[in-house]
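Let me begin by presenting the structure, written as structure tokens, before commenting on it.
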Amino acid sequence: MIDPIIFTLDIGFTQLTVRWYGVLIVLGVLAGAFYAAWYVKRKGEDPNIIWDLLIWLLIFGIIGARLWYVVNEIIGGRTRYLDDPIRILFINEGGLNILGGIVVGTIVAWIYTKRNNIDFWLIADAIGPAYLIGQAIGRWGNFINQELYGPPTTLPWGISISAEHRIAPWNDLALYPVETTRFHPTFAYEMIWNLVMAGILIYVVVKHGDKIRTGVIAGLTLIAAGLGRSWIEIYFRPDQPRFFETPVSTSLVLSLIFALIGLFIVLVKMGKISVPFMKPGATEYARRVTRRPPVPRKTRRQKT
């Protein structure tokens, strides 16, 4: 097993711990951002848009991911954050759910595009496959942390999970010995799904990008992400809180909603259905990106 901690620095008043999970998340974000910048440049726009937006997406994406994780726990009947609300701030203890990051990140991207006179669908189409790439890379952190695994399996790619990382009932070592019990690598299933879906979407962009209507790539990404997470939630996520004590997990409900929203976007953008609040897609973006010019500094008038 790989040590989750790469190194620790003593900086006097505290210690700085660098973990593989954090490094892989950063690498995933950068890889996704490079793709999104490439996409925006391919459309003839300024790729710096992505880098300007990235910092806001990171900040509010983490906040959204944390909030959904906490809400997820409460809906599932777990009360640790209600009993001790200050623990909501302790992200270092673990607890992020990417689905919440998607919701908040989308809202932030919409506000950013409106304030900067940028077509929202340009950003949405760029970030769609970028999200799939970034999450796929970040999933390797779950492997190093020995988390995000499924039920026991006899398949040859099953992975070993040490006793301290087991959840019930598989923490009963008499029934599930460490030496012989292997588990489904759920993180790998989602990683492979995301990479395949991202590859397909990027292929479509490269081969038919100028013919694809705006918003379609974003909608297809939501369908792919929603369906992929749904089948994983059904078969390989026993650790997830259940939706008000039903057999259905809260993340499964949100994932299915994502897929339905994605289908709705594709149908509207392809002109199959008409709604008053969303225009059909076009082969060109609705408006060109207009970068805000720098504001000149005020200078004092020289005395004569």
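Please treat every number below as a calculation from the coordinates, not as lab data. As the structure is a computational prediction, the values presented were derived from the model and not from experiment. For neighbour counting, all protein chains shown are included, and Cβ atoms are generated from backbone atoms with ideal geometry for every residue, glycine included.
Values computed for the structure shown
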item	result
Options Gly100, Gly105: the member that is under 24 Å from Tyr39 (Cα atoms) and within 14 Å of the chain's Cα centre (by Cα)	Gly105
Helices (runs of 4 or more DSSP H) contained entirely in segment 1-113, each with at least 1 residues that are closer than 29 Å to Gly215 by Cβ	20-42, 48-75
Meets criteria (in contact with a Leu (Cβ under 6 Å, 6 or more places away or on another chain), in a helix (DSSP H, G or I) and in contact (Cβ under 8 Å) with a residue 40 or more places away in the chain) for Leu122	no
Flag for Ile167 being under 22 Å from Gly95 (Cβ atoms), without any contact (Cβ under 8 Å) to a residue 40 or more places away in the chain and of a type in the set (Val, Ile, Thr)	no
Ala130 within 17 Å of Val196 (Cα to Cα) and of a type in the set (A, V, I, L, M)	yes
Unique match (being under 16 Å from Gly100 (Cα atoms) and touching a residue at least 24 places away in the same chain (Cβ under 8 Å)) among Ile257, Ile223	Ile257
Qualifying residue in segment 85-104 (condition: free of Cβ contacts under 8 Å to residues at least 12 places away in the same chain, touching a Lys or Arg at 6+ places or on another chain (Cβ under 7 Å) and within 21 Å of Phe243 (Cα to Cα))	no
Check on Ile63, out of contact with any strand residue (DSSP E or B) (no Cβ under 6 Å at 6 or more places or on another chain), surrounded by fewer than 14 Cβ atoms within 10 Å (Cβ to Cβ) and of a type in the set (A, V, I, L, M)	no
Qualifying position, being aromatic (Phe, Trp, Tyr), touching a residue at least 60 places away in the same chain (Cβ under 8 Å) and surrounded by 15 or more Cβ atoms within 10 Å (Cβ to Cβ), among Tyr35, Tyr81, Tyr69	Tyr35
All positions within segment 237-251 that are crowded, with 21+ Cβ neighbours inside 10 Å and in a helix (DSSP H, G or I)	Thr250, Ser251
Only listed residue being buried (at least 19 other Cβ atoms within 10 Å of the Cβ) and either part of a loop (DSSP other than H, G, I, E, B) or among the acidic types (Asp, Glu) (or both), chosen from Leu155, Leu173, Leu220, Leu148	Leu148
Residue that is among the charged types (D, E, K, R) and buried (at least 21 other Cβ atoms within 10 Å of the Cβ), where the choices are Glu164, Glu190, Glu179	Glu190
Matching residues, segment 38-54, being crowded, with 17+ Cβ neighbours inside 10 Å and aromatic (Phe, Trp, Tyr)	Tyr39
